[in-house]
Amino acid sequence: PPAAAPPTAAPAAPAATPAFTADNILAAIGGAAPAAPPPLTPLQRMLSEPRLMQCVTLARQDPSQLGPLLQQLSTEAPALLTLVQAHQADFQQLLTMENIEAAFTEAAAARNAQSAPPVGGGGG
């Protein structure tokens, strides 16, 4: 009797293609995922807060206004006042820093790189 032909195997399904994500592409080419930017220092955080920088500018123009400005900050943006209280040396540095405008610009750019929400939060 004739021999039965061996059964033919079904063709293998193609392997699933991984999604084209940045991590998968970097892994495929042997790279590492980009590192997150370093966290902001307390001084950078203060510099990147427009409301706090407004207080610093006014206090630099008239140091006698520092107390009332901080009191106002306590009601309008308590998180900012907490930041100032926790990092008083950095705040003092803001009050005496030369070229504060350049530092403010640099800190704002650093914060934008972080995409961090502002500490102050409250409006109104």
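Picking from residues in region 106-118 that are under 14 Å from Leu52 (Cα atoms) and at pLDDT 55 or above, the one that is most open to solvent (accessible area, probe 1.4 Å) is Ala108. Taking the stated definitions as given, is Pro78 open to solvent by 60 Å² or more (accessible area, probe 1.4 Å) and modelled with pLDDT under 90? For Pro78, the condition - open to solvent by 60 Å² or more (accessible area, probe 1.4 Å) and modelled with pLDDT under 90 - is not met.
So is Ala22 at pLDDT below 70, over 29 Å from Thr105 (Cβ atoms) and of a type in the set (A, V, I, L, M) or not? So Ala22 does not fit the description; no. Evaluation of Arg60 against the conditions (1) open to solvent by less than 70 Å² (accessible area, probe 1.4 Å); (2) touching a residue at least 12 places away in the same chain (Cβ under 8 Å) shows that the sole unmet condition is (1). Summed over region 91-105, residues that are in a helix (DSSP H, G or I) and farther than 13 Å from Ser48 by Cα total 4. Kindly evaluate Pro38 against the criterion of being within 20 Å of Ala107 (Cα to Cα), modelled with pLDDT under 90 and not hydrophobic (A, V, I, L, M, F, W, C). Taking the combined requirement at face value, the residue satisfies it.
The values are calculated or read from the model by the stated rules, or taken from the named source; none is laboratory data. Small disclaimer: the values here were computed from a predicted structure and weren't measured. Every residue, glycine among them, receives a Cβ derived from its backbone with ideal geometry; neighbour counts consider all protein chains shown. When the accessible area is computed, the model is the full protein with side chains, heavy atoms only, and any ligands, DNA or RNA have been set aside. Shrake-Rupley method; radii C 1.70, N 1.55, O 1.52, S 1.80 Å.
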